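Data first, discussion second: the structure below is written as structure tokens.
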Amino acid sequence: MDFYAHNFRAYFDATAGIDPAPFLGPFVRHLIPGDRVLDVGCGSGRDLRWLQDQGMQTTGFERSAGLARLARRHAGCDIIEGDFCTYDFSVLKMDALLLCGALVHIPRHRLAAVLENILPALDPGSRRRIVYLSLKEGHGSATDPKERVFSFWQEDALQSLFIACGMRIVNFQRRLAADGSGSLWLGYVLYHQGHGCALR
């Protein structure tokens, strides 16, 4: 995870220019202008900036101080610095959560607990309560040349987890990575129905 702390400039340069419209289009179709969106693991601020162009009120959340600084400059909005495994998200009141590749490094056995910690950021009084989540498709885990450990998922396992976490799938996409790496991503637009995770 320290890769993003030490290589924030290179990561920003590699990701800030990617157009998120092909994979975030289904997400914003379930929102209306003015909705409050929290981008967890906002990285370069690319998606924050795009969401602002769609009329959304945006806040970022980022662990890497270097990326948070660049994202503030790039997106021009508030970026909370913290660890999404321990931060108290219940203090926030959001209509939607964006988890675009943010949880790819979380071990499979910890994903439900991490989601349970993040989901309280959704405003109980909101009519939207929409979550976008993308993860890599595959089996097990692997370490890439940059020494980042990725966890891989299959649809059936994720569907069981979503049910346990009180979320219903409203849109699904399987797409090749936008960076040209050839990896497959599973992208879900989910409606959160309000109760916590029953699966750990």
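Some notes on this structure:
- Residues whose placed amide H lies under 5 Å from that of Gly82, excluding near-sequence neighbours: Glu62, Arg63
- Calculated over the chain: convex hull of Cα atoms, volume per residue (Å³): 107 Å³
- The HN-Hα couplings worked out from phi for region 70-78 by the Karplus form 6.51 cos²θ - 1.76 cosθ + 1.60 (θ = phi - 60°) are 5, 5, 4, 5, 6, 9, x, 9, 5 Hz, whole numbers, x standing for Gly and Pro.
- Dipole of region 47-200, positive direction: furthest Cα of Pro107, Leu133, Phe172, with charges on the beta-carbon: Phe172
- What you get for the chain, charging only the Cβ of Lys and Arg (+1) and of Asp and Glu (-1), is a dipole of about 200 debye around the Cα centre.
- In Hz, Karplus ³J(HN,Hα) per residue of region 93-101 (6.51, -1.76, 1.60; θ = phi - 60°; x = Gly, Pro): 9, 10, 8, 8, 10, 10, 10, 7, x
Read the figures in this text as sums done on the coordinates, not as results from a lab. The model shown is predicted, which means the values in this text are computed figures rather than measured ones. All Cβ positions, glycine included, derive from the backbone under ideal geometry; neighbour counts span all protein chains shown.
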